[in-house]
Amino acid sequence: MQKVLGRIQAQILRSRATNALANGVRHEATSAKPKPAATSKEFRERQVRFNIKNEQTQGRPLYLDAQATTPMDPRVLDAMLPYLTNYYGNPHSRTHAYGWETEQAVEKAREQVAQLIGADPKEIIFTSGATESNNISVKGVARFYGTKKRHVITTQTEHKCVLDSCRALENEGFTVTYLPVQANGIIDLKQLEETITPETSLVSIMTVNNEIGVKQPIDEIGKLCRSRRVFFHTDAAQAVGKIPLDVNAMNIDLMSISGHKIYGPKGVGALYVRRRPRVRLEPIQSGGGQERGLRSGTVPAPLAVGLGAAAELALQEMDYDKKWVDFLSNRLLDRISSALPHVIRNGDPEATYNGCLNLSFAYVEGESLLMALKDVALSSGSACTSASLEPSYVLRAIGTDEDLAHSSIRFGIGRFTTVEEVDYTADKCIKHVERLREMSPLWEMVQEGIDLKTIQWSQH
């Protein structure tokens, strides 16, 4: 037994000596090399800086998604409340006071909306929102004039409801031209002019894009369409109340408006339909013939009153809102772009509505960044298509690479956004972009000066 214990003890001593010798050799070898990154001061500082384990969100996130929807202005709610409680008559009831008083309120709202866009109140049709307004415009005009003209023109960057309405028309035998846009998101007017034929009944081009904020040259498009005797429809959901619009000066024949994009209630919108020269359209909904027979159904008086109040406030405060939004947008962009390299602004930097700021952060996955910024309500594109994991079709249309399209974030700034919210969002964004890039092998390769486009990736 003693012999066995002696052998074990000798073995242990021998192994310790071997380890000590190996450690000594390793120490000598490593002392000649540069300090490894794993034990460097820089690495420890980065670990502390990018640590997210202790981050806790208290309360609700900040809201920077004004293109999806806007909070209702309290003054709009004040205008609506009487019609949600005491004044509950049907505005189409002509035989008693309950109907008369709500009809009067609805007509006042019609005037308020008309004043915002320089129209006649009789040209305003109340709908359930911009999606319905777009459907009525595109399908209604095309079908009414379909016996003589069977060609419609739109762009590749329109809202989904316009594109799907056009696809529905294609199934009915119409020809639809989807105009491409330039790299800055704006159409080529010469190409539009060449595309218009004697068969064309309608051109539908949105005023301000809901994903990248680009403003189309509506004045020039209106003039061109009027000279060629083609009706011009514009989806102005993102533009009404934010930039000055005049349907007569801009030769607009149909315009779609949304209530909840201008600090009004959800579930209500409006459609401007020109009376002189008269625009005829086929209604897509059958019923009692309300709203000049173009949109049957009882007008929801409280919602219409809310839309009217929101339109009046937008007209009064447009200049102030524009200055405030421009200030905050420039502050956010300057703060992010001065701290981070490889940040790309999508869309034209000049012909744009600054409240919609779409940025691509190269070498960062957009969904990962959104998850990291969980205490700020942001979006990677349109709310109507955000459930899809496909890259934004708007960004693909302006020629954005797929990896950059996947790394885009849309910042929506509005009337009630504060300086503190913008600064907090910018700082958080900078921190998490740097953290995610630190984990990216692609970012490491770029730092070493490797051009990723020259690499031939092997497929497995």
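The values are calculated or read from the model by the stated rules, or taken from the named source; none is laboratory data. This is a predicted model, so every value here is computed, not measured. Please note: Cβ atoms are built from the backbone with ideal geometry, for glycine as well, and neighbour counts cover all protein chains shown. These area figures cover heavy atoms from the full protein model, side chains too; ligands, DNA and RNA do not enter into them. Shrake-Rupley method; radii C 1.70, N 1.55, O 1.52, S 1.80 Å.
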Listing of helices (runs of 4 or more DSSP H) fully contained in the stretch 113-218 that carry 2 or more residues being touching a Pro at 6+ places or on another chain (Cβ under 8 Å) and surrounded by 20 or more Cβ atoms within 10 Å (Cβ to Cβ): 130-144
Number of the condition not met by ILE52 [criteria: (1) modelled with pLDDT under 95; (2) open to solvent by less than 60 Å² (accessible area, probe 1.4 Å)]: (2)
Selection from the stretch 322-351 of residues that are under 20 Å from the mean Cα position of the chain (by Cα) and either part of a loop (DSSP other than H, G, I, E, B) or not assigned by the TED database to the domain that holds LEU436 (or both): ASN346, GLY347, ASP348, PRO349, GLU350, ALA351
Sole residue being within 15 Å of the chain's Cα centre (by Cα), open to solvent by less than 10 Å² (accessible area, probe 1.4 Å) and at pLDDT 95 or above, chosen from ASN358, ASN354: ASN358
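Here's the yes/no breakdown for (1) modelled with pLDDT of 85 or more; (2) surrounded by 12 or more Cβ atoms within 10 Å (Cβ to Cβ):
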| residue | (1), (2) |
| --- | --- |
| ASP375 | yes, yes |
| ALA383 | no, yes |
| TYR393 | yes, yes |
| PHE411 | yes, yes |
| THR417 | yes, yes |
| LEU436 | yes, yes |
| PRO441 | no, no |
| GLY449 | no, no |
Residue under evaluation TYR363, criteria (1) assigned to a loop (DSSP other than H, G, I, E, B); (2) closer than 28 Å to ALA236 by Cβ, criterion not met: (2)
Conditions (1) in contact with a Cys (Cβ under 9 Å, 6 or more places away or on another chain); (2) free of Cβ contacts under 8 Å to residues at least 40 places away in the same chain: number failed by GLN238: (2)
Output for the stretch 219-235, where each listed residue is over 18 Å from ASP348 (Cβ atoms) and not in a strand (DSSP E or B): GLY222, LYS223, LEU224, CYS225, ARG226, SER227, ARG228, ARG229, VAL230
Counted residues, the stretch 253-286 - those being in contact with a His (Cβ under 8 Å, 6 or more places away or on another chain) and within 22 Å of ILE218 (Cβ to Cβ): 4
Qualifying residue in the stretch 88-102 (condition: at pLDDT below 95, open to solvent by 50 Å² or more (accessible area, probe 1.4 Å) and of a type outside the set (A, V, I, L, M)): yes
Within the stretch 293-316, tally of residues that are among the polar types (S, T, N, Q) and without any contact (Cβ under 8 Å) to a residue 60 or more places away in the chain: 2
